[in-house]
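Let me begin by presenting the structure, written as structure tokens, before commenting on it.
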Amino acid sequence: MSAAYEQYLVPVVFRPFAEDLTERAAALRPRRVLELAAGTGVLTSRLLAALPSAAVTATDLNEAMVAFGSARAPGAEWRQADARRLPFPDGGFDLVVCQFGVMFFADHVAAFTEVRRVLTPGGRFLFNTWGPLGTHAFEVALQAGLERAFPADPPRFFPTVPHGYADPAAVAADLTAAGFTVEDEQELTLRGRAASTADLATGYLTGTPVRAAVEERGGGPAVRATVIEEMTARLGPGPVTAPMTAYVFRAAA
């Protein structure tokens, strides 16, 4: 799953936003950086290049992602960690960053409170979260394909998880409840570019938790063919480009 995610989704969906988040992080000139939900290290590697004098610690809940990421971005210290129970002392970092990971936190206020604990007073928490599903054209097309393949019981991972924390007011309220001061919140739309809808479908169907949902429903090659057909009808045969919208937050401890 990690390899498919890295090959097919990272360059198209995650790299454009990693470049944006890196610029924002570098402007803060941190010395000790903690990254949460680092995945395969797309943001990590850019932070290392942009902040050569900073100490970067990268974490992920998934041990397979930690193993993959540590090989991809070996300049960081990699640790397996749950955002709600971070294995670090109080005030150990002046910047915590997270690219598209906060949506997965089971308890947002608890995780944000833990982030504030490991930040120095005045330290910053910088992260992004996806907007509503309808603002991400690739995943609108993917979901339509899944609903066509499984009309009675389509997988609902994308509407409920990646795009399930898409109300900026709710995110800001959770940050405030955790003791943060929200300094900045922006809506950001960037364009993704993929070689083909077949590559996108392969990435989504094999490199995300949708893979398990499809397998549970007995999906096989016919599902992939249906998803590709629907995505191609909506996006074109490729190369394909489409807008993706996210919210970017900066909060102070």
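Worth a mention:
- Some residue of the stretch 20-35 being open to solvent by 10 Å² or more (accessible area, probe 1.4 Å), under 21 Å from A194 (Cβ atoms) and out of contact with any Lys or Arg (no Cβ under 7 Å at 6 or more places or on another chain): yes
- The strands (runs of 3 or more DSSP E) found wholly in the stretch 72-179 and carrying at least 3 residues that are surrounded by fewer than 19 Cβ atoms within 10 Å (Cβ to Cβ) and modelled with pLDDT of 95 or more occupy 77-80, 119-130.
- Condition check for E6: of a type in the set (D, E, K, R), in a helix (DSSP H, G or I) and in contact (Cβ under 8 Å) with a residue 60 or more places away in the chain: yes
- First in the stretch 65-80 and within 16 Å of V10 (Cα to Cα) and touching a residue at least 12 places away in the same chain (Cβ under 8 Å), second anywhere and of a type in the set (D, E, K, R) and open to solvent by less than 50 Å² (accessible area, probe 1.4 Å), Cβ under 9 Å, 6 or more apart: V66/D60; F68/E6; G69/D60; R72/E6
- Within the stretch 183-195, considering residues that are surrounded by fewer than 17 Cβ atoms within 10 Å (Cβ to Cβ) and of a type in the set (A, V, I, L, M), the one farthest from the chain's Cα centre (by Cα): A195
The values are calculated or read from the model by the stated rules, or taken from the named source; none is laboratory data. If you're wondering where the values come from, they're calculated on a predicted model, not measured in any experiment. Glycine also receives a Cβ, built like all others from the backbone with ideal geometry; neighbour counts cover every protein chain displayed. Protein only, heavy atoms only, side chains kept; ligands, DNA and RNA dropped before computing areas. Shrake-Rupley method; radii C 1.70, N 1.55, O 1.52, S 1.80 Å.
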